[in-house]
Ligand SMILES: Cc1ncc(COP(=O)(O)O)c(C=O)c1O
């Protein structure tokens with residue numbers, strides 16, 4: 001085999017040009033072969049098909065058709081968030097323009113741990129993070145791999161500002177990555193405030209606040225229900241009690257783009273740190289998280305010195321020192337796809353997508369309310385709709401969800417709220433139509449019937 005071509009350099013574009021049709025055709029044939037929101041047959045069948053497609057992972061001699069074969073196999077075996085019936089998680093269908101931009105990042109392969117590996121990308125990141133931080137009413141932002149890393153950084157910055165005895169106080173509705181970060185960082189056992197309504201109640205929070213340094217974490221867009229904690233009240237309470245405030249807006253942060261919905265985030269700018277995540281309500285390919293901060297001085301805690309990356313004399317001579325912008329070292333410029341998306345669509349374009357999915361969620365809620373055999377949990381705040389078949393047991397709800405998955409018909413999530421198990425539809429696809437919503441409920445009806453009769457529909 002001759003030396004394989006590179007993705008960048010003078011021949012890079014030509015090499016990619018000849019491979020891209022292979023990838024695109026395989027995406028197409030794989031998606032058609034799947035023929036639905038996820039592969040049918042359940043985990044064993046899907047794994048067996050993938051094993052058959054890949055064969056020997058490390059053959060002695062290379063197999064030139066592997067690009068086509070593996071991309072086809074991955075597409076055929078994917079849960080596709082671009083299918084309107086794939087609506088379980090905060091797992092968005094990425095915009096084509098963002099994905100195309102990401103290809104350029106893979107080709108150029110800049111690394112944001114030193115200026116000499118990413119001269120333009122480092123400036124782009126500075127510009128974009130500044131703009132996004134200002135959109136949230138804060139001053140600076142770091143790019144992360146998602147909400148989990150952003151939440152971890154928020155706790156780390158709180159620990160560095162207030163010492164290792166700082167205690168996390170959050171609702172039971174908060175994302176698990178917060179308490180996990182407290183564990184990881186060796187912080188005291190967090191105080192978990194019960195949230196029977198799905199939102200953090202300020203009075204209950206007040207009563208739960210411990211003495212000593214405290215980090216309150218509120219959520220703007222809960223994972224299970226898309227609910228937004230009462231941010232202004234919580235912010236006022238934190239101010240009065242001298243507590244630091246983090247707001248996890250991994251989901252709800254996307255509302256900032258929408259003139260219609262951004263008022264739901266009033267109070268966000270009072271936080272010391274805010275988690276944002278554009279691979280949820282931002283239509284980015286993974287990864288596209290951010291941690292916005294109010295006081296840029298907080299970021300000094302992340303400063304790191306490594307002579308090969310940010311030698312003092314290089315920094316004195318004017319080379320930007322990037323190492324302290326992340327806990328990672330080698331770091332891909334996820335900021336390019338974000339920048340391309342912001343500029344291509346503009347705030348109004350992104351806001352229109354947000355408005356669209358929120359509107360679809362309200363329409364789905366209305367269909368469920370009018371349905372004789374379905375019960376709606378509550379009107380949606382963002383784009384999550386919780387519902388369940390009327391009179392079904394929790395066991396039946398769970399089985400219906402699994403059967404839909406196994407048959408490859410629909411991907412719905414599950415959430416336990418008010419002591420009951422609910423089906424969850426998280427609408428993040430701006431192309432989903434009212435007709436698709438009706439189709440989703442029809443698919444569910446078919447499976448409910450099959451469940452009642454005790455046999456699966458195939
Ligand atoms: C509220 C919230 N915060 C944080 C996260 C974690 O984000 P990621 O999966 O991008 O790490 C999630 C994920 O769903 C979330 O819903």
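Where a number appears in this text, it was derived from the coordinates with a stated rule and is not lab data. This one's a predicted model, so the numbers in the text were calculated from it and none came from an experiment. Please note: Cβ atoms are built from the backbone with ideal geometry, for glycine as well, and neighbour counts cover all protein chains shown.
List the pair-distance distribution P(r) of the stretch 292-337, using every Cα-Cα distance, as the percent of pairs falling in each 10 Å bin from 0 up to the bin containing the longest distance, rounded to whole percents.
23, 48, 29, 1
To check my understanding: the extent here is largest minus smallest coordinate of the Cα atoms along each principal axis. What are those three numbers for the stretch 349-453, in Å, largest first?
Extents along the principal axes, in whole Å: 46, 29, 22.
Hey, what's the Kirkwood Rh for the stretch 169-313 if you take every pair of different alpha carbons, in angstrom?
On the way: mean 1/r = 0.0615 Å⁻¹.
Hydrodynamic radius (Kirkwood, Cα pairs) of the stretch 169-313 is 16.3 Å.
Given 4 °C and 1.567 mPa s, compute D for the stretch 164-220 with the Stokes-Einstein relation, Rh being the Kirkwood radius over Cα pairs; round to the nearest whole µm²/s. Each step should come with its number before you reach the end.
Numbers: Rh = 11.4 Å.
Using the Kirkwood radius from Cα pairs, D works out to 114 µm²/s.
If each residue's Cβ is checked for other Cβ atoms within 10 Å, how do 3, 266, 341 rank with the fewest at the top? Don't skip to the answer; put the middle values down first.
Numbers: 3 5, 266 14, 341 22.
In order of increasing Cβ crowding within 10 Å: 3, 266, 341.
Could you work out the percent of alpha carbon pairs in the chain separated by over 39 Å, rounded to a whole number?
On the way: 29110 of 104653 pairs.
So the portion of pairs separated by more than 39 Å is 28 percent.
What FRET efficiency do you get for residue 33 and residue 172 if R0 is 51 Å and r is their Cβ-Cβ distance, rounded to the nearest 0.05? Intermediate values should be presented prior to the final figure.
Working: r = 42 Å, r/R0 = 0.83.
Here the calculated transfer efficiency is 0.75.
Per residue Cα convex hull volume for the stretch 288-413, in cubic angstrom?
Numbers: hull volume 27.0 nm³, N = 126.
Here the figure is 215 Å³ per residue.
Which whole-number percent of Cα pairs in the stretch 32-100 have a distance greater than 16 Å? Don't skip to the answer; put the middle values down first.
Working: 1357 of 2346 pairs.
Of all Cα-Cα pairs in the stretch 32-100, 58 percent lie more than 16 Å apart.
Express the Stokes-Einstein translational diffusion coefficient of the stretch 99-344 in µm² s⁻¹, to the nearest whole number, given a Kirkwood radius over alpha-carbon pairs, 20 °C and a viscosity of 1.002 mPa s.
Numbers: Rh = 18.4 Å.
It diffuses with D of about 117 µm²/s by this estimate.
Please state, rounded to one decimal and in Å, the Kirkwood hydrodynamic radius that the stretch 231-316 gives when every pair of distinct Cα atoms enters the mean of 1/r.
Working: mean 1/r = 0.0663 Å⁻¹.
Taking the inverse mean of 1/r over all distinct Cα pairs, the stretch 231-316 comes out at 15.1 Å.
With the alpha-carbon atoms as the only input, what is the per residue convex hull volume for the stretch 108-225 in Å³? Please report the intermediate quantities before stating the final value.
Working: hull volume 16.3 nm³, N = 118.
In the stretch 108-225, the Cα convex hull volume per residue is 138 Å³.
Using a 10 Å cut-off around each Cβ, can you sort 192, 368 from fewest to most neighbouring Cβ atoms?
Values: 192 16, 368 22.
In order of increasing Cβ crowding within 10 Å: 192, 368.
Stokes-Einstein diffusion coefficient for the stretch 24-168 at 25 °C in a medium of 0.890 mPa s, Rh from the Kirkwood formula over Cα pairs: what value in µm²/s? Walk me through the numbers before you get to the answer.
On the way: Rh = 19.4 Å.
Translational diffusion coefficient: 127 µm²/s.
Can you list the equivalent-ellipsoid semi-axes of the stretch 348-395, largest first and in whole Å, using the square root of 5 times each Cα gyration tensor eigenvalue?
Numbers: eigenvalues 138, 21, 8 Å².
Rounded to whole Å, the semi-axes are 26, 10, 6.
Rounded to the nearest 500, what is the 222 nm mean residue ellipticity of the chain from helices alone, with -39500 (n - 2.57) per DSSP H run of 4+ residues and division by all residues? Write down the numbers at each step before the final one.
Values: 14 runs with 199 residues, N = 458.
Counting only the DSSP helices, I get -14000 deg cm²/dmol.
Quick one: which of 349-355, 300-306 comes out on top by average Cβ neighbours within 10 Å, and what's the full order, highest first? Walk me through the numbers on the way to the answer.
Numbers: 349-355: 19.6, 300-306: 12.7.
In descending order of packing, they fall as 349-355, 300-306.
Give the Kirkwood hydrodynamic radius (Å, one decimal) of the stretch 60-125, defined as one over the mean of 1/r across all pairs of different Cα atoms.
About 15.3 Å for the stretch 60-125.
With the contact rule set at Cα under 8 Å and sequence spacing of 6 or more, what percent relative contact order holds for the chain? Walk me through the intermediate numbers first.
Working: 865 pairs, mean separation 91.7, N = 458.
Value for the chain: 20 percent.
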